[in-house]
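Undergrad: Next up is a structure, given as structure tokens.
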Amino acid sequence: MQIPSKYNPAGTEEKWYNYWLEKKFFHSEPDEREPYTIVIPPPNVTGVLHMGHMLNNTIQDILVRKARMQGFNTLWLPGTDHASIATEAKVVNKLHQEGIDKNSLSREEFLEHAWEWREKHGGIILEQLKKLGASCDWDRTKFTMDDDMYESVIDVFIDLYKKDKIYRGVRMVNWDPKALTALSDEEVIYREVNSKLYYVRYKVEGPEDDYVSIATTRPETILGDTAVCVNPKDPRYKHLKGKRVIVPLVNRPVPVIEDEYVDMEFGTGCLKITPAHDENDYNIGIKHKLKTIDIFNDDGTLSEKAEVYIGEDRFAAREKAAKELEEQGLMIKVEDYVNKVGFSERTDVAIEPKLSRQWFCRMDELSKPALDMVMEDKIKFHPAKFKNSYRHWMENIRDWCISRQLWWGQRIPAYYTPDGEVIVAKTKEEALEKAHKKLKQTGLKPDDLQQDEDVLDTWFSSWLWPISVFDGIRYPGNKDINYYYPTDDLVTAPEILFFWVARMIMAGWEYRKDIPFKNVYFTGIVRDKEGRKMSKQLGNSPDPIRLMNQYGADGVRMGMLLTSPAGNDLPFDENLCEQGRNFSNKIWNALRLVKGWQVDKSLETSETNKVSNEWFEARLNQALETIEKQFGQYRLSEALMTVYRLIWDDFCSWYLEMIKPGYQQPIDKDTYNKAIHFFEQLMKTLHPFMPFITEEIWHMLQERGEDDCITIAEWPQKQDYDAKLLKRFEFAREVIIGIRNTRNEQNIPNKESIGLSVKKNNQQSPDTKFDPVVEKLGNLSGINYVDEPVEGAISFIIQSTEFYIPFSQSLDVEAELKKLQEDLDYTKGFLNSVMKKLSNERFVQNAPEKVVENERKKKVDAEAKIKVIEEKMENLKKA
């Protein structure tokens, strides 16, 4: 078989991905096997691949590919989210570029444009995931606006409404003045901003020249004030009880009220109350039956109710109000002030607290079982630290505002009669029937009913995702939902723990009386080398497609995983992708080396090769044991590093060197077959991380049938291994490194054969198991075991054993003593650190017995080595 001199990722990746698809290796149907299921966190239909997607989907693919090789009936179900706010904004922008105003279109006309946009752009991110190697069942791709998915959302709304878990009412909501829609609490991002604190004088009504001072960060909202509030315990304002003050700018008399809510220490202890534009003020307004004046239009400009600055933007009005207050002598002072302001997660504009009639989902009953499932570890979080923030949020949860003032999305199935009655029904025909029966309004015609204009929050569809993708809402007993649900692992970002994860758990219990997934793996945030979050604005987010074209998908996958512990942020550096590409080249060169050997079937297996095969088999099984444990604990980065070191260090740098035949010499058949077998096992173990190169090498190691692909090969099973053998080799490895170091220090060429004398101490017997390997890799003419030090030879010490290499030139005693002194100082320092541990009673009593025993062994070994070094130094000084 002709193997190219260089690995070509581009041709390889496209070839094998198409082959896997053609063979339907990723497709799943229910059968007698145990399922393993992941549903993809559906990316926005507006999206293109970014580094966060790369990390998240690489992790999912690793888990799925390993499960597939373990014999599970694996299903990784892909799809996209309709993303109401983001998509509508994209479509509105597209229309604007074409000279079309959304307001000039009917709802149906706008939706035609939206669907057209989705058909053109909606599949981009899924195609990009294929380039990454995502082994999704593309035949099952879902979209949250598919007919069956849409109907499932409507069915759930109607069901929860019947259960009195959905209601409509006026409440203070988070209003996005740019998207022109209400937002849920979770869609508001709070951040600190540099503001101003304005101290304003309000005149007390009456002939006296009496004023109160009030501090506010928003002087424009003075126009909506309907009271001033003081704490009843505050002695400074006892005289104001029962009086009124004049609101500046509009000269409106409002009452002074008393409420313990007011913090006497903040500002002046005197609070302006604007019930329409502050949630706390709204609650005080209800309690004291205050008038409500909404001074803002939906787009954040001032309404006619403001009386002044009508039509001005809220921030422009703030500047004008401050200036006018100054001119009227009502501004006492202005201070710099840092406060937290809520911003829309989608449009990044400051949200406006606003009274609005919206639809809400009651959270109290839904949240209780969802909290218990996580706290009782029926659903496990990785890392577990996120349980605390989950509990805090769930224990302080508020009703969920589920209506959005948009057109793109699932339209709320509520119909209004001419006299304002609300009928919730799946269709207008059903609503009319209900109106005739329940409301006794038999004269109503279809045109008399008006459907609610709003759509449901995007998360109201995606909270059903693990159920609705299997049509489990409409057909709760179908074979797919019964087989694939609950799913196994969810891989997601901590930022959507409350948006999505918590709500899926609620929906799972409400509609399946079961968990939606068994484990949640939280990825970290991808940051640049300087620790900044990657973003378009900063221009610090590399294009994943460019990275894959440059380094290969495998190289990028590896680069993403090398520094990505669960739940911790990922400091991404493009050099990591280069390291991944270098690893691919290392493996490729190993393949070319092994496949270039000539095999002699009549050749006996040498002792060197026998012990080398024995050692690597034990090392492979030790690594498989470690990798399995790391996968079980979701320590995927560590698992990759274990595989990486096993291949690069143990297989390439040691094993292949140990068995490599001499120049133009053949290798025995048994060793060659074992090397090929080991190579296959290594490629299987690496496959979930680097699927393309492993598939290519799999087919180059030997001839394969068309369905004999590594993608569906059996995952390597750990066999029992001799741990003592591995320790014996570690000693031999140190000896080989010692010989190589001595050659370098003394400029002895590697091709020059040398002798080695070995002096065991402390009545130890020689261990000759790996002597053939030491002889080969050290290029020794022989190994001689002696009882006395060898005069005039260069020496080094491993543990308490002395090694001597004959040296033709006279020995530099001073240099030798200096080297021994350095070794002695290091060993004494090492012994000191071990003694500190062993003298710590808490360590000795609480650490595992094996750990303590290991420290005691280190102590004995160090003491023995110190004794040997000191004796050797003494002998050299005498000489």
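The values are calculated or read from the model by the stated rules, or taken from the named source; none is laboratory data. Everything numeric in this text was worked out from a predicted model, so none of it was measured. Heads up, the Cβs are rebuilt from the backbone with ideal geometry, glycines too, and the neighbour counts pull from every protein chain shown. Just so you know, the surface numbers come from the protein's heavy atoms only, side chains and all, with ligands and any DNA or RNA stripped out. Shrake-Rupley method; radii C 1.70, N 1.55, O 1.52, S 1.80 Å.
Undergrad: How far is helix 574-595 tilted off the main Cα axis of the chain, in degrees rounded to 10, range 0 to 90?
TA: 40 degrees
Undergrad: Quickly work out the Glu98-to-His288 label distance, labels modelled 7 Å from Cα along the C-beta direction, and quote it in nm with one decimal.
TA: So the label points at His288 and Glu98 sit 5.3 nm apart.
Undergrad: May I pose another question? Within segment 202-220, find all residues whose amide N lies under 19 Å from a label point positioned 7 Å from the Cα of Glu326 along Cα-to-beta-carbon.
TA: Answer for segment 202-220: 202, 214-220.
Undergrad: Classify segment 606-721 as rounded, prolate or oblate from the Cα gyration tensor: take a ≥ b ≥ c as the square roots of its eigenvalues, call it rounded if a/c is under 1.5, otherwise prolate when a/b beats b/c and oblate if not.
TA: Working: a/c = 2.00, a/b = 1.31, b/c = 1.53.
Taking the square roots of the gyration eigenvalues as a ≥ b ≥ c, segment 606-721 is oblate.
Undergrad: Please compute the Kirkwood hydrodynamic radius over segment 497-632, one decimal place, Å, based on all pairs of different Cα atoms.
TA: Numbers: mean 1/r = 0.0508 Å⁻¹.
This gives a value of 19.7 Å.
Undergrad: Kirkwood-based Rg over Rh for segment 708-828 (C-alpha set), two decimals?
TA: Numbers: Rg = 18.4 Å, Rh = 16.5 Å.
Result: Rg/Rh = 1.11.
Undergrad: R0 = 45 Å: FRET efficiency of Glu841 with Asp787, Cβ-based, nearest 0.05?
TA: Details: r = 42 Å, r/R0 = 0.94.
Efficiency for this residue pair is about 0.60.
Undergrad: Compute the length gained on full extension between Glu870 and Thr442: take 0.36 nm times their separation in residues and subtract their Cα-Cα distance, giving the result in nm to one decimal. Could the numbers behind the result be given before it?
TA: Numbers: separation 428, 0.36 × 428 = 154.08 nm, distance 10.87 nm.
Going from the current span to full extension adds 143.2 nm.
Undergrad: How many nm is it between the label spots at Asn478 and Glu714, if each spot is 7 Å from the Cα in line with the beta carbon?
TA: It works out to 3.6 nm between the two label points.
Undergrad: Whenever you get a sec, line up Asp155, Asp825 from highest to lowest accessible area (probe 1.4 Å, protein heavy atoms).
TA: Values: Asp155 40, Asp825 85 Å².
These residues rank, largest area first, as Asp825, Asp155.
Undergrad: A further question follows. Can you list the HN-Hα couplings for segment 547-558, worked out from phi with the Karplus curve (6.51, -1.76, 1.60; θ = phi - 60°), rounded to whole Hz and with x for Gly and Pro?
TA: 4, 5, 5, 7, 10, x, 4, 4, x, 6, 4, 5
Undergrad: Another question, if that's okay. For the chain, what proportion of DSSP beta bridges, expressed in % and rounded to the nearest 5, is antiparallel?
TA: Numbers: 65 of 94 bridges.
Antiparallel: roughly 70 percent of the beta bridges in the chain.
Undergrad: Right, here's the next one. Using alpha carbons only, how many degrees (0 to 90, rounded to 10) separate the axis of helix 386-395 from the longest principal axis of the chain?
TA: 20 degrees
Undergrad: Then there is this: Expressed as an acute angle from 0 to 90° and rounded to the nearest 10, what is the orientation of the C-alpha long axis of helix 51-69 relative to the principal long axis of the chain?
TA: 60 degrees
Undergrad: If I take the Cα coordinates of segment 172-240 and project them onto the principal axes, what are the three extents in Å, biggest first?
TA: 48, 25, 25
Undergrad: Related question: DSSP loop GluC sites (Glu not before Pro) in segment 415-501 with at most 10 other Cβ atoms within 10 Å of their Cβ, which ones?
TA: Values: sites: Glu421, Glu429, Glu430, Glu433, Glu453, Glu495; in loops: Glu421, Glu453.
Loop-located and lightly packed - none at all.
Undergrad: Another question about this same structure. Which ³J(HN,Hα) values in Hz, rounded to whole numbers, follow from the phi angles of segment 134-149 under the Karplus curve 6.51 cos²θ - 1.76 cosθ + 1.60, where θ = phi - 60° and Gly and Pro get x?
TA: Going residue by residue, I get 4, 8, 7, 7, 5, 5, 9, 3, 10, 9, 5, 10, 4, 3, 5, 5 Hz, with x marking Gly and Pro.
Undergrad: Here's something else I'd like to know. For an R0 of 30 angstrom, estimate the FRET efficiency from the Cβ-Cβ distance between Glu265 and Glu530 and round to the nearest 0.05.
TA: Working: r = 40 Å, r/R0 = 1.32.
The pair Glu265/Glu530 has a calculated efficiency of 0.15.
Undergrad: Given R₀ = 60 Å, FRET efficiency for Glu495-Ile798 by Cβ-Cβ distance, to 0.05? Intermediate values should be presented prior to the final figure.
TA: Details: r = 52 Å, r/R0 = 0.86.
So the FRET efficiency works out to roughly 0.70.
Undergrad: Moving on to the next point. I'd like the trypsin sites (Lys or Arg not before Pro) in segment 561-631 restricted to DSSP loop residues with at most 15 other Cβ atoms within 10 Å, sorted by number. Provide the component values of the computation, followed by the final result.
TA: Details: sites: Arg581, Lys586, Arg592, Lys595, Lys601, Lys610, Arg619, Lys629; in loops: Lys601.
Of the trypsin sites (Lys or Arg not before Pro), the ones in loops of segment 561-631 whose Cβ has at most 15 other Cβ atoms within 10 Å are Lys601.
Undergrad: What dipole magnitude, in Debye to the nearest 20, does segment 689-749 give about its Cα centre under +1 on Lys/Arg Cβ and -1 on Asp/Glu Cβ? Provide the component values of the computation, followed by the final result.
TA: Working: 8 positive and 12 negative charges, 149 e Å.
It works out to roughly 720 debye.
Undergrad: For segment 784-828, rounded, prolate or oblate, judged on the Cα gyration tensor with a ≥ b ≥ c (square roots of eigenvalues), a/c < 1.5 rounded, else prolate if a/b > b/c? If you can, show how the numbers build up before the last one.
TA: On the way: a/c = 2.81, a/b = 1.21, b/c = 2.32.
Since a/c reaches 1.5 but b/c is at least a/b, the shape of segment 784-828 is classed as oblate.
Undergrad: Mind giving me the nanometre distance, one decimal, between the label points for Ser653 and Lys178, set 7 Å out from Cα along Cα→Cβ?
TA: For Ser653 paired with Lys178, the spin-label model returns 5.1 nm.
Undergrad: Shape of segment 299-453 from its Cα gyration tensor (a ≥ b ≥ c, root eigenvalues): rounded if a/c is under 1.5, otherwise prolate when a/b > b/c, or oblate?
TA: On the way: a/c = 3.18, a/b = 1.20, b/c = 2.66.
Oblate, because a/c is 1.5 or more while a/b does not exceed b/c.
Undergrad: At 222 nm, what helix-only mean residue ellipticity would the chain give, in deg cm²/dmol to the nearest 500, using -39500 (n - 2.57) for each DSSP H run of four or more? Can you show the working numbers first?
TA: Working: 27 runs with 373 residues, N = 879.
Only helices count here, giving -13500 deg cm²/dmol.
Undergrad: How fast does segment 769-879 diffuse by Stokes-Einstein, in µm²/s, taking the Kirkwood radius from C-alpha pairs at 4 °C and 1.567 mPa s?
TA: On the way: Rh = 16.3 Å.
Roughly 80 µm²/s, to the nearest whole number.
Undergrad: Per-residue accessible area for Lys162 at 1.4 Å probe radius, Å² rounded to 10?
TA: In the full protein context, Lys162 sits at about 150 Å².
Undergrad: Could you tell me what percent of the DSSP beta bridges with both partners in segment 752-866 are antiparallel, to the nearest 5?
TA: On the way: 9 of 15 bridges.
Around 60 percent antiparallel, to the nearest 5.
Undergrad: Ignoring everything but the protein chains, give the 1.4 Å probe accessible area of Trp509 in square angstrom, nearest 10.
TA: Probe radius 1.4 Å; accessible area of Trp509 about 90 Å².
Undergrad: Could you tell me which residue out of Pro418, Val758, Asn568 lies farthest along the dipole of the chain toward its positive end? Charges go on the beta carbon: Lys and Arg +1, Asp and Glu -1, centred on the Cα centre.
TA: Val758
Undergrad: While we're on this one: Projected area of segment 393-434, taken from the Cα convex hull and averaged over every viewing direction, in nm²?
TA: Numbers: hull surface 19.5 nm².
Across all orientations, segment 393-434 yields a mean hull projection of 4.9 nm².
Undergrad: Further question: Given a 1.4 angstrom probe, I'd like the percentage of the accessible area of the chain that is carbon and sulfur, rounded to a whole number.
TA: That share works out to 47 percent.
Undergrad: At 0.36 nm per residue, minus the direct Cα-Cα distance, what do Glu108 and Leu817 gain on full extension? Give it in nm, one decimal, please. Mind showing how you got there, number by number?
TA: Values: separation 709, 0.36 × 709 = 255.24 nm, distance 9.10 nm.
Contour length minus the Cα-Cα distance gives 246.1 nm.
Undergrad: Return the tail of the calculated pair distribution for the chain, meaning the percent of Cα-Cα pairs more than 47 Å apart.
TA: The answer is 45 percent, as a whole percent.
Undergrad: Just the accessible area for Asp861, please: 1.4 Å probe, Å², rounded to the nearest 10?
TA: 50 Å²
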